[in-house]
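Remarks on the structure that follows.
The values are calculated or read from the model by the stated rules, or taken from the named source; none is laboratory data. Computed from a prediction, not measured in an experiment: that's the story for all the values here. Ideal geometry is used to build each Cβ from the backbone, glycine not excepted, and the neighbour counts take in all protein chains shown.
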Amino acid sequence: MAQNEQNNDLMEKIVSLCKRRGFIYQGSEIYGGLAGTFDYAHYGLALKNNIKNSWWKKFVDSRRDMYGIDASIIMNSKVWEASGHVAGFSDPLVECTKCKRRFREDTLKEKGKCDDCGSPVGMPRQFNMMFATQIGAMEDSSTTVYLRPETAQGIFVNFKNTVDSFHPKLPFGIAQIGKAFRNEITPRDFIFRVREFEQMEIEYFVRENDWHKYFEYFKDEMLEWMESVGIDMNKVHELEVEIGDLAHYSKRTMDFEFEYPFGKKELFGLAYRQDFDLKNHGLEYQDEENGGKLTPHVIEPTFGVDRAVLAVLLSAYNEEDPERPFLKLKPNIAPVICAVSPLLKNKPELVEKAEMVFGMLKAEFGRVAYDDNGNIGKRYRRQDEIGTPYCIVVDFDTLGENPDLLDTVTIRDRDTGNQERVKISDLISKIKEQM
Ligand code: GAP
């Protein structure tokens, strides 16, 4: 199979697995869908939450210099005027002269030609990507507001509040996980480019002279986190964004690109935003160390949650054995950490014991499944496909058919298929060791 076909094939397999096994559905699907929107189902949501929790743990909970915020999505429009988004947050839009379809100029397959019918496209014009809406009940007194296109501004506008509440010394950071919205001209590639997505962002406030040091520091921290959630680091590449392509606020940006099946494209970013935002919002910091006021400079590590989910899924998809495709998800982020089964579901004594083991593990880990559908082989395949690292089976030896094995169960490793007998009383510590 040609490389191109293989790549399309892989994307199709991921999209189909996500739908079939309850990870991700097209948004508003029963009405024909809404382009650029997706709904996370039970397993996809668990995966996404585990990714977000792992991020929060590393970048906020395990540190002393980071403060969290959960700001409103709708903000005063003056925020977006000051941040430069009203004037400059736009993409070049072109329209086909024949079929009138619209595209983002820089994503056209062939320069100057319509992706659909091949006719020439017209001159590009700047299209602002912010979603505008009205606030207030009376039409004549209503005000235009925007759904935030980045979580960063919710952090900047709370800079003074955070300093007043917590009195942090420089350097320190404010972190936020939340939704962002962009009216993308051409949403595409599943959850890669969507109109409603989530970001995990840090604005890290430093003294101007220290920016190089913290830029390098966060680059390493970002790479370490990517590896910790199972992103294939052989597919991650660093790209120094050229001066001419920098966002209006940035003096230096590094993109972390990932080799998606549809090409090498941005996964996450790291920017030196200078003092652009704080200056524009008129915010300063009282410098206890040297006296007087200063405007801190900002290092911004930014992560798209949905792109993280996609990169994790693509990294985990394993079809070395085409009969048994599975998701090699790390135990810390797998939607289900283990599944418990009775060997036979029509034997009440096996079921009772399996329910007991399930209850014990569920109370400890939460993300535990009880699976008694079909035969054991089918249960293993089903759990493999959603990336469950361990399958536990209660059999007749558990009940004491072989007295030496009383109160032990089999635990099967997803990646090797190997099974081991473990005492029920050791199960929790055995699983915890792998997390
Ligand atoms: N505050 C800086 C900022 O928003 P960005 O590069 O525009 O920078 C940050 O976005 C991250 O958000 C990207 O690296 C990407 O992971 C994610 N992202 C941006 N646009 C997206 C979209 N339309 N769909 C999904 N994720 C997106």
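Quick look at the values:
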| quantity | calculated |
| --- | --- |
| The lone exception for Asp220 - which of (1) assigned to a helix (DSSP H, G or I); (2) touching a residue at least 24 places away in the same chain (Cβ under 8 Å); (3) more than 12 Å from the ligand (Cβ to nearest atom) it fails | (2) |
| Cβ pairs under 6 Å, 6+ apart, first in segment 270-287 and assigned by TED's automatic domain parsing to the domain that holds Leu246 and without any contact (Cβ under 8 Å) to a residue 12 or more places away in the chain, second surrounded by 15 or more Cβ atoms within 10 Å (Cβ to Cβ) and assigned to a loop (DSSP other than H, G, I, E, B) | Glu284/Thr295 |
| Qualifying position, being surrounded by fewer than 18 Cβ atoms within 10 Å (Cβ to Cβ), touching a strand residue (DSSP E or B) at 6+ places or on another chain (Cβ under 8 Å) and at pLDDT 90 or above, among Phe127, Phe159 | Phe127 |
| Residue under evaluation Met356, criteria (1) away from the ligand (no atom under 16 Å from the Cβ); (2) outside the structural domain of Asp413 (by TED's automatic domain parsing); (3) over 24 Å from Tyr217 (Cβ atoms), criterion not met | (2) |
| Exclusive hit being within 25 Å of the chain's Cα centre (by Cα) and without any contact (Cβ under 8 Å) to a residue 12 or more places away in the chain, set Ser62, Ser72, Ser54 | Ser62 |
| Filtered residues of segment 251-280 (kept if among the polar types (S, T, N, Q) and near the ligand (Cβ under 9 Å from one of its atoms)) | Thr253 |
| Evaluation of Glu227 against (1) within 15 Å of the ligand (Cβ to nearest atom); (2) over 30 Å from Leu294 (Cβ atoms) (one fails), failing number | (1) |
| Residues of segment 380-424 satisfying the condition of being within 35 Å of the chain's Cα centre (by Cα) and among the small types (Gly, Ala, Ser) | Gly387, Gly417 |
| Scope segment 298-321; condition touching a Lys or Arg at 6+ places or on another chain (Cβ under 9 Å), in a strand (DSSP E or B) and either over 23 Å from Ile155 (Cβ atoms) or not hydrophobic (A, V, I, L, M, F, W, C) (or both); matching residues | Glu300, Pro301, Tyr317, Asn318 |
| Hits in segment 139-156 (condition: at pLDDT 95 or above and among the acidic types (Asp, Glu)) | Glu150 |
| Complete set of residues in segment 287-328 that are closer than 22 Å to Phe215 by Cα, out of contact with any strand residue (DSSP E or B) (no Cβ under 6 Å at 6 or more places or on another chain) and more than 16 Å from the ligand (Cβ to nearest atom) | Thr295 |
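Conditions (1) within 13 Å of the ligand (Cβ to nearest atom); (2) outside any strand (DSSP E or B); (3) at pLDDT below 95, marked per residue:
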site	(1), (2), (3)
Pro168	no, yes, no
Gly173	no, no, no
Gln176	yes, no, no
Lys179	yes, no, no
Asn183	yes, yes, no
Thr186	yes, yes, yes
Ile191	yes, yes, no
Ile202	yes, no, no
